[in-house]
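Notes follow once the structure below has been shown.
Read the figures in this text as sums done on the coordinates, not as results from a lab. Just so it is clear, the model here is predicted, and its values are computed rather than measured. Cβ placement follows ideal geometry from the backbone for every residue including glycine, while neighbour counts extend to all protein chains displayed.
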Amino acid sequence: MTDFDNVGQLMCLPLDTILPSDYYSAPSEYIVAAAAEALLKTDGHNWIPLIVEEAEDYAYRAITNHFVYAVAAHAGLEELWCLVIKSSPQDTEQARILAGEFTPKVNLTTASRDTIKSVLKDLVSQPGNPLKGVDATISASKIAAEDRSAWQNFTPIVKLKCGITKGKKLDELATVFYLSPPPPPPEPPAPISIKQALREEIFERLEYLATHKIGGFGTINPEKVSDLIVSASKSKWKSLTPITKMDCGIDTAKVKTLKTLFTL
């Protein structure tokens, strides 16, 4: 779909050229009828414009301020004032947010403690909410203290023992929070023979795995492991398995990751 010349313009459009939104539910009929009566008393001039996108030449689709459309239709208006915006998901979402028809979610990956606390307090205060009874202050403090940059879902919150358990309580968080996926890691260093590698070369590869938390290496100490490997007698090694016996946090599963950066 392309942008048309009318973007950003306030236009008086024929009602029959505007398609209603599929996701808007009008309020009770008596409210619409009362608003239509008020509209007609001012000669049918809607001072709050309907927000539309241009679907094609001379055809529009309602985006937000849908109540205006419902009232105009009930009042039998032939045309109404509309503001034309860009036809894109981002612009549509922004318009709906500013009109109060859509509640934006908070990025839990980067949210501050105060923001998390504010969101949780709002949820806890709602009657019948699954999170009712959770201490928002304690939960926010525990969540904010965690490194959330690599979180793929909200499951790690359960392990914080902050009153938010798996099931309805955890699912409720998804209605107000989202997680931004971590950026992909840069290209890894080239594989190198672990028998011939210098200490700096071993450290470079372990640091890469640890920094980007690849294969569970986010918990290992690259300095310590590099020292252990470089000082070990490796001439008889037929695999990388001996590393698992160094008491350095590398188990059989992590050895599979090591094989992507080290050869014999």
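What ranking do ARG96, ARG61 get, fewest neighbouring Cβ atoms within 10 angstrom at the top?
The fewest-first ordering by Cβ neighbours comes to ARG61, ARG96.
Between ASP251 and ASP122, what length comes free when the chain is fully extended (0.36 nm per residue of separation minus the Cα-Cα distance, one decimal in nm)?
Gain on extension, ASP251 to ASP122, equals 42.1 nm.
Report the full-extension gain for the segment ASP22 to GLN9: residue separation times 0.36 nm, less the Cα-Cα distance, to one decimal in nm. All intermediate terms of the calculation are to be shown ahead of the outcome.
Working: separation 13, 0.36 × 13 = 4.68 nm, distance 2.36 nm.
Working it through step by step, the gained length comes to 2.3 nm.
Sticking with the crude label model, points 7 Å out along Cα→Cβ, report the distance from ILE214 to VAL158 in nm, one decimal please.
Distance between label points: 2.9 nm.
For the stretch 192-263, divide the Cα radius of gyration by the Kirkwood radius and give the resulting Rg/Rh value with two decimals.
0.90
Between ASP171 and ILE192, with labels modelled 7 Å along Cα→Cβ, what's the label distance in nm to one decimal, could you check?
Here the modelled spin labels are 5.0 nm apart.
Charges only on Cβ, +1 for Lys and Arg, -1 for Asp and Glu: so what's the dipole of the chain about the Cα centre, in debye to the nearest 20?
About 2660 debye.
Which of the peptides 161-174, 201-214 is most tightly packed, and how do the rest follow, going by the mean number of other Cβ atoms within 10 Å of each residue?
Those peptides, ordered most packed to least, come out 201-214, 161-174.
List the lysines whose alpha-carbon lies under 28 Å from that of LYS259, not counting same-chain residues fewer than 8 positions away?
Filter leaves LYS195, LYS213, LYS224, LYS234, LYS236, LYS238, LYS245.
As an exercise, use a Förster radius of 45 Å and the Cβ-Cβ distance of ALA33 and THR115 to find the FRET efficiency, rounded to the nearest 0.05. Numbers along the way, then the final one.
On the way: r = 41 Å, r/R0 = 0.91.
Using R0 = 45 Å, I get an efficiency of 0.65.
Could you list the GluC sites (Glu not before Pro) in the stretch 55-97 that lie in coil according to DSSP, counting only those with at most 12 other Cβ atoms within 10 Å of their Cβ?
Of the GluC sites (Glu not before Pro), the ones in loops of the stretch 55-97 whose Cβ has at most 12 other Cβ atoms within 10 Å are GLU78.
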